[in-house]
Amino acid sequence: MDPITLTAIASTLVKTGPSLLRSIGSFFSDDKANTVNKVADLVDIASGKPNPEQALNHALTALSPQDLVQLKSIAGECEVELARIEANQATAIHQQTQATIQHGDDSQDPYVRATRPLMARASGYVTGLYILGMEGLAAFNYGQGAQWDLAMMMLSPLLTYMGLREVGKWRQGKAAGVGLLSSLGQLIPPAFKKGA
């Protein structure tokens, strides 16, 4: 097995951890379950080292060729399980946020009941004024226009109230941010774009 693949597998196995590996292994046949238990023991030992991924990578090279073949499918199952756990956590966070908003909207206290909608409206108004003002100034060669990162931050209370969550995930990578900004840029009529 090539070193890059083995390094990627070691990283996945360290993230999975020995206990989750053993529970995944209980679904396999005896031969594969034995391999999973061997690997879980190696992960357990490597977890105590200063660089667990490198230690596990080194330990995995000592496995038999048959175990190495099974290791790829085991790592694939681990990735599926980790993705499922992450999706369940994201769903739980979303449900908790929705419950918090609903409790605020159903509150008997008129101040509490009106706070979130007021914050959302104020966020929308201020963001709109900011964008129009800064883009207007840029049209007359004063400044560089609205900063989209700042505008999205200002707009986040409105987006959250409307049901969009975790605006920060839009910024996970430069490509994601560029994709979002280009999508937003397509909504702006050509007459309002700089240099048009």
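Can you name the residue in the stretch 19-66 that is in contact with a Leu (Cβ under 9 Å, 6 or more places away or on another chain) and of a type in the set (Val, Ile, Thr) and, of all such residues, is surrounded by the most Cβ atoms within 10 Å (Cβ to Cβ)?
VAL39
Answer with yes or no whether VAL69 is open to solvent by 40 Å² or more (accessible area, probe 1.4 Å), under 30 Å from VAL43 (Cβ atoms), without any contact (Cβ under 8 Å) to a residue 40 or more places away in the chain and more than 24 Å from the chain's Cα centre (by Cα).
Answer is yes for this residue.
Search the stretch 32-44 for residues that are of a type in the set (Ser, Thr, Tyr) and pair each with any residue that is buried (at least 16 other Cβ atoms within 10 Å of the Cβ) when their beta-carbon atoms are under 9 Å apart and the residues are at least 6 apart or on different chains.
Close Cβ pairs (under 9 Å, with a partner that is buried (at least 16 other Cβ atoms within 10 Å of the Cβ)) amount to THR35/GLY25; THR35/PHE28; THR35/LEU63; THR35/ASP67; THR35/GLN70; THR35/LEU71; THR35/ILE74.
Yes or no: THR12 more than 19 Å from ILE85 (Cβ to Cβ), in a helix (DSSP H, G or I) and either open to solvent by 20 Å² or more (accessible area, probe 1.4 Å) or touching a helix residue (DSSP H, G or I) at 6+ places or on another chain (Cβ under 6 Å) (or both)?
no
So how many residues does the stretch 4-24 have that are touching a residue at least 40 places away in the same chain (Cβ under 8 Å) and over 24 Å from the mean Cα position of the chain (by Cα)?
1
In this structure, is THR97 open to solvent by 60 Å² or more (accessible area, probe 1.4 Å), under 26 Å from GLY163 (Cα atoms), in a helix (DSSP H, G or I) and of a type in the set (Val, Ile, Thr)?
no
Can you tell me which residue is most open to solvent (accessible area, probe 1.4 Å) among those in the stretch 72-94 that are under 13 Å from the mean Cα position of the chain (by Cα) and among the β-branched types (Val, Ile, Thr)?
So, considering only residues that are under 13 Å from the mean Cα position of the chain (by Cα) and among the β-branched types (Val, Ile, Thr), the one most open to solvent (accessible area, probe 1.4 Å) is ILE93.
Which condition number does SER123 fail, the rest of (1) modelled with pLDDT of 90 or more; (2) of a type outside the set (Val, Ile, Thr); (3) closer than 30 Å to SER23 by Cβ being met?
Tallying (1) modelled with pLDDT of 90 or more; (2) of a type outside the set (Val, Ile, Thr); (3) closer than 30 Å to SER23 by Cβ, SER123 fails exactly one: (3).
From the list THR61, THR35, THR91, pick out the single residue that is within 30 Å of ARG116 (Cα to Cα) and either in contact with a His (Cβ under 7 Å, 6 or more places away or on another chain) or hydroxyl-bearing (Ser, Thr, Tyr) (or both).
Of the residues listed, the single one that is within 30 Å of ARG116 (Cα to Cα) and either in contact with a His (Cβ under 7 Å, 6 or more places away or on another chain) or hydroxyl-bearing (Ser, Thr, Tyr) (or both) is THR91.
If we scan the stretch 44-51, do we find a residue that is in contact with a Ser or Thr (Cβ under 7 Å, 6 or more places away or on another chain) and under 24 Å from ASP31 (Cβ atoms)? Spell out how you get there, then give the answer.
Initial filter on the stretch 44-51 (in contact with a Ser or Thr (Cβ under 7 Å, 6 or more places away or on another chain)): none.
No.
The values are calculated or read from the model by the stated rules, or taken from the named source; none is laboratory data. Remember, predicted model here, so these are calculated numbers, not experimental data. Cβ coordinates were reconstructed from backbone atoms using ideal geometry, including for glycine residues, and neighbour counts include every protein chain displayed. Only protein heavy atoms, including side chains, enter the accessible area calculation; ligands, DNA and RNA are left aside. Shrake-Rupley method; radii C 1.70, N 1.55, O 1.52, S 1.80 Å.
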